[in-house]
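Student: Below: one structure in structure tokens.
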Amino acid sequence: MSSIVNPHDHGHDDHHGAPSGFKRWLFTTNHKDIGSLYLIFALAMFIIGGAMAMVIRAELFQPGLQLVDPHFFNQMTTVHGLIMVFGAVMPAFTGLANWMIPMMIGAPDMALPRMNNWSFWILPFAFAMLLFSLFMEGGGPAFGWTFYAPLSTTYSNDNTALFVFAVHIMGISSIMGAINVVVTIVNLRAPGMTWMKLPLFVWTWLITAFLLIAVMPVLAGAVTMVLTDKYFGTSFFDAAGGGDPVMFQHIFWFFGHPEVYIMILPAFGVISTIVPTFSHKKLFGYASMVYATASIALLSFVVWAHHMFTTGMPLAGELFFMYATMLISVPTGVKVFNWVATMWRGAISFEVPMLFSIAFIVLFTLGGFSGLMLAITPADFQYHDTYFVVAHFHYVLVTGAVFSIMAAAYYWLPKWTGHMFNETLAKWHFWLSLISVNVLFFPMHFVGLAGMPRRIPDYALQFADFNAIISIGGFAFGLSQLLFVYVVYRCVKGGDAAPAKVWDGAEGLEWEVPSPAPYHTFSTPPEIK
Amino acid sequence: MHSALLKKLIIACLAMFAFAFALVPLYDVFCQVTGLNGKPSLEVAKASSRVDENRLVDVSFTTHAQQGAPFDVSAEQFKVTVKPGEVTKVAFSAANLSQQARVMQAIPSVSPGIASKYLHKMACFCFNQQPMKAGEKQDFELMFYVDTALPSEIEELTLSYTLFDITEQSQQVALEASQDEPTSMETSDE
């Protein structure tokens with residue numbers, strides 16, 4: 001521990017000959033700088049991925065083909081998915097982890113600061129490669145973010161190699177980020193910070209990091225097999241050479257299902273932090289929250305084939321994956337119950353982070369219920385690959401993961417910048433988002449149940465009215481997010497000075513340091529009672 | 001102080017990367033043991049020692065060419081009724097529809113999948129790659145029998161062939177085999 005309490009660091013907390021300007025950001029090993037970089041990058045990707053969603057909704061505003069040709073439409077659905085998953089949601093959570101975990105556990109920085117720098121700075125290259133492939137001859141990836149073989153092997157264009165290497169780099173970045181989180185939490189907790197005293201955000205991130213370490217290499221393996229099948233004559237997924245295309249789906253979803261929990265477990269941590277603050281009560285059932293998170297993570301490894309009910313699995317397999325999937329709703333139910341129980345008879349104040357959190361609890365639960373409907377094997381044959389699925393995963397990812405990121409951003413923004421954000425504008429952002437997101441995604445349930453397939457640039461005429469409504473909701477939601485960018489920008493530039501403890505019900509070490517948080521915090525570990 | 005934990009986590013990552021590739025043989029073994037997936041064996045089977053005279057099973061044949069594969073293969077009879085254990089011959093007529101020499105590979109699949117391990121093939125054009133000249137017509141023979149152990153609830157099964165055009169792959173293999181100097185990188189670019 002001697003390196004941590006280095007007396008040399010005291011007294012000049014801000015700069016010690018650090019480079020300025022762009023080099024400061026390029027060479028930084030400071031967890032707060034890297035956290036900011038991750039968050040800014042995620043916001044930029046959120047806007048780019050959102051712009052692609054606008055293209056999709058503009059094309060689907062009316063039946064028939066109007067604006068873009070089907071091949072470009074397919075590229076938009078594919079790259080929108082990839083960017084939102086790997087470019088927006090995951091880096092945003094890694095950014096929150098970088099900023100908050102060291103401050104929450106009383107550590108001076110992340111455990112492996114140089115690796116931390118590297119894990120961020122390879123990301124822009126990955127996404128540059130992915131995005132520039134859109135402008136190359138033949139276009140970018142157009143086989144859906146799930147890149148099922150043989151769409152990604154036999155029927156894809158030569159730019160697929162760029163997609164493969166981009167995914168490799170994103171995977172390496174996530175793995176390095178996850179390793180850093182594990183080492184930090186295991187080794188750098190302040191004295192007295194026992195496991196069951198960890199803030200829940202730290203717990204959920206620790207479990208997420210283990211999920212990342214377990215499944216991101218499997219994704220890397222899957223894309224490598226696609227690469228060798230396409231360019232080097234192997235036949236992992238090619239029946240003509242003795243391979244099996246269905247095996248692709250097994251390998252992909254063995255990664256893909258834990259991946260959806262990678263995107264939601266940190267959200268659970270954020271909500272478990274914010275709800276007690278604004279309910280002015282302790283979190284109800286802390287220990288059960290920890291165990292529920294761990295159970296969800298373990299169960300996530302044995303449910304993957306529920307994405308594949310229509311591939312011709314035997315009955316025993318379909319039943320197993322149906323029941324295993326439904327089992328996940330038990331620990332998830334524990335979490336929702338605990339959040340509601342925390343609010344029960346609390347003195348709730350409705351600040352913006354709390355508004356987003358309450359919206360999260362209601363709308364994520366709704367997305368969970370449509371997930372349960374999809375888990376029912378016989379019903380899934382009707383829902384499979386329809387807009388019902390699109391509605392389901394956007395409720396859990398947009399009103400789930402993204403709303404929790406918004407809540408976290410508003411919750412900690414005064415701590416990061418030292419300024420209060422404009423609460424009136426933030427409330428406008430919340431209400432506009434809440435209304436438009438439901439106009440956008442709720443009707444998708446109905447068009448899906450009525451049989452509208454996903455990933456198709458045209459649709460039958462009877463879906464025209466609903467699609468027009470969905471598109472209007474989409475444009476409204478997209479524009480509302482520009483308001484978020486403006487609020488964040490204004491808050492970074494100035495505003496009322498924020499006190500150390502921004503929210504009066506807040507608990508945790510991060511509120512004991514001044515706002516904005518100094519460049520170096522907890523160079524001397526705090527004492528935890 | 002971090003290196004011990006770091007080492008373990010990196011090993012875990014590498015192990016999971018290897019696991020992704022281990023899934024490939026594991027998947028095949030799992031399908032073989034359970035008989036799932038309808039993938040029949042591509043080995044030559046021995047004749048059955050007994051014939052079940054009291055049972056009849058319908059076997060149907062379908063073929064379809066993978067998109068772009070210029071082949072047409074069809075069985076002379078769409079459906080045969082056989083006794084379990086009895087060896088049956090079925091003639092298939094095949095044609096190369098293109099104006100170039102092509103190599104065909106037929107991949108069999110049995111439905112219902114659980115029946116795949118009870119359908120034994122003693123001779124099949126799917127055991128080998130089938131080179132066909134431009135516009136050539138060929139006759140193939142399939143010799144098979146249904147195992148007497150076929151579960152009694154299965155009264156009919158379908159043997160489906162998917163036809164693949166593997167001309168490029170087989171040329172590559174032939175080229176690589178014929179050249180001692182490994183210049184195969186150049187050929188694989190084509």
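Student: Restricting the search to the range A:314-333, which residues are in contact with a Gly (Cβ under 8 Å, 6 or more places away or on another chain) and within 14 Å of chain B (Cβ to nearest Cβ)?
Tutor: A:Pro314
Student: Which one is surrounded by the fewest Cβ atoms within 10 Å (Cβ to Cβ), of the residues in the range B:154-170 that are charged (D, E, K, R) and within 13 Å of chain A (Cβ to nearest Cβ)?
Tutor: First pass over the range B:154-170, keeping only residues charged (D, E, K, R): B:155-156, B:165, B:168.
Adding the requirement that they be within 13 Å of chain A (Cβ to nearest Cβ) leaves B:165, B:168.
Numbers: B:Asp165: 21, B:Glu168: 14.
Ranking the qualifying residues of the range B:154-170, first place goes to B:Glu168.
Student: Right, another one. Given the structure, is A:Met90 within 14 Å of another protein chain (Cβ to nearest Cβ), in contact (Cβ under 8 Å) with a residue 60 or more places away in the chain and under 27 Å from A:Thr521 (Cα atoms)?
Tutor: Numbers: within 14 Å of another protein chain (Cβ to nearest Cβ): no; in contact (Cβ under 8 Å) with a residue 60 or more places away in the chain: yes; under 27 Å from A:Thr521 (Cα atoms): yes.
Spelling it out, it is not the case that A:Met90 is within 14 Å of another protein chain (Cβ to nearest Cβ), in contact (Cβ under 8 Å) with a residue 60 or more places away in the chain and under 27 Å from A:Thr521 (Cα atoms).
Student: Please work out which residue is nearest to the other protein chains (Cβ to nearest Cβ), limiting yourself to the range A:227-241 and to residues that are farther than 23 Å from A:Phe309 by Cα and of a type outside the set (S, T, N, Q).
Tutor: Step one: filter the range A:227-241 for residues farther than 23 Å from A:Phe309 by Cα, giving A:227-235, A:240-241.
Within this subset, residues satisfying the condition of being of a type outside the set (S, T, N, Q) are A:227, A:229-233, A:240-241.
Working: A:Leu227: 13, A:Asp229: 11, A:Lys230: 11, A:Tyr231: 8, A:Phe232: 7, A:Gly233: 6, A:Ala240: 3, A:Gly241: 7 Å.
Of everything passing the filter in the range A:227-241, A:Ala240 is nearest to the other protein chains (Cβ to nearest Cβ).
Student: Let me ask you something else. Pick from the range B:1-50 the residues that are assigned to a loop (DSSP other than H, G, I, E, B) and hydroxyl-bearing (Ser, Thr, Tyr): which of them is nearest to the other protein chains (Cβ to nearest Cβ)?
Tutor: As a first pass, look at the range B:1-50 and keep what is assigned to a loop (DSSP other than H, G, I, E, B): B:1-2, B:35, B:39-50.
Filter once more, keeping what is hydroxyl-bearing (Ser, Thr, Tyr): B:41, B:48-49.
On the way: B:Ser41: 12, B:Ser48: 26, B:Ser49: 30 Å.
So, considering only residues that are assigned to a loop (DSSP other than H, G, I, E, B) and hydroxyl-bearing (Ser, Thr, Tyr), the one nearest to the other protein chains (Cβ to nearest Cβ) is B:Ser41.
Student: Exactly one condition in (1) outside any helix (DSSP H, G or I); (2) under 23 Å from A:Leu96 (Cβ atoms); (3) hydrophobic (A, V, I, L, M, F, W, C) is not met by A:Ala347; state its number.
Tutor: Here A:Ala347 meets the rest and fails (2).
Student: Still on this model: Give the residues of the range B:140-176 that are over 19 Å from the mean Cα position of the chain (by Cα) and assigned to a strand (DSSP E or B), sorted by residue number.
Tutor: B:Glu156
Student: Of the residues A:Ala178, A:Ala222, A:Ala214, which is over 24 Å from A:Ala267 (Cβ atoms), modelled with pLDDT of 95 or more and not in a loop (DSSP other than H, G, I, E, B)?
Tutor: Details: A:Ala178 fails: over 24 Å from A:Ala267 (Cβ atoms); A:Ala214 fails: over 24 Å from A:Ala267 (Cβ atoms).
None of the others qualify; the one that does is A:Ala222.
Student: Right, here's the next one. If you take just the strands (runs of 3 or more DSSP E) that sit entirely in the range B:81-126, which of them hold at least 1 residues that are over 21 Å from B:Asp58 (Cα atoms) and among the polar types (S, T, N, Q)? So that I can check it myself, show each step before the final result.
Tutor: Details: elements: B:88-96, B:102-111, B:119-123.
Filter on the range B:81-126 gives B:88-96, B:102-111.
Conditions tested, residue by residue: (1) within 14 Å of chain B (Cβ to nearest Cβ); (2) at positive phi.
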position	(1), (2)
A:Gly64	no, yes
A:Leu96	no, no
A:Pro108	yes, no
A:Phe120	no, no
A:Phe125	no, no
A:Ser133	no, no
A:Gly138	no, yes
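Student: Still on this structure, please answer the following. On the basis of being within 14 Å of chain A (Cβ to nearest Cβ) and touching a Leu at 6+ places or on another chain (Cβ under 8 Å), does B:Ala123 make the cut?
Tutor: Working: within 14 Å of chain A (Cβ to nearest Cβ): no; touching a Leu at 6+ places or on another chain (Cβ under 8 Å): yes.
Spelling it out, it is not the case that B:Ala123 is within 14 Å of chain A (Cβ to nearest Cβ) and touching a Leu at 6+ places or on another chain (Cβ under 8 Å).
Student: Among the numbered criteria (1) more than 28 Å from A:Thr94 (Cα to Cα); (2) in a helix (DSSP H, G or I); (3) not β-branched (Val, Ile, Thr), which one does A:Ala359 miss?
Tutor: With (1) more than 28 Å from A:Thr94 (Cα to Cα); (2) in a helix (DSSP H, G or I); (3) not β-branched (Val, Ile, Thr) applied to A:Ala359, the lone miss is (1).
Student: Does any residue of the range A:185-203 turn out to be outside any loop (DSSP other than H, G, I, E, B), within 14 Å of chain B (Cβ to nearest Cβ) and either surrounded by 18 or more Cβ atoms within 10 Å (Cβ to Cβ) or under 19 Å from the mean Cα position of the chain (by Cα) (or both)? I'd like the intermediate steps shown before the answer.
Tutor: To start, the set of residues in the range A:185-203 that are outside any loop (DSSP other than H, G, I, E, B) comprises A:185-187, A:195-197, A:200-203.
Remaining after also requiring within 14 Å of chain B (Cβ to nearest Cβ): A:185-187.
Those left that are additionally either surrounded by 18 or more Cβ atoms within 10 Å (Cβ to Cβ) or under 19 Å from the mean Cα position of the chain (by Cα) (or both): A:185.
Yes, that holds for at least one residue.
The values are calculated or read from the model by the stated rules, or taken from the named source; none is laboratory data. In this text the structure is predicted, and so the values were computed from the model without any measurement. All Cβ positions, glycine included, derive from the backbone under ideal geometry; neighbour counts span all protein chains shown.
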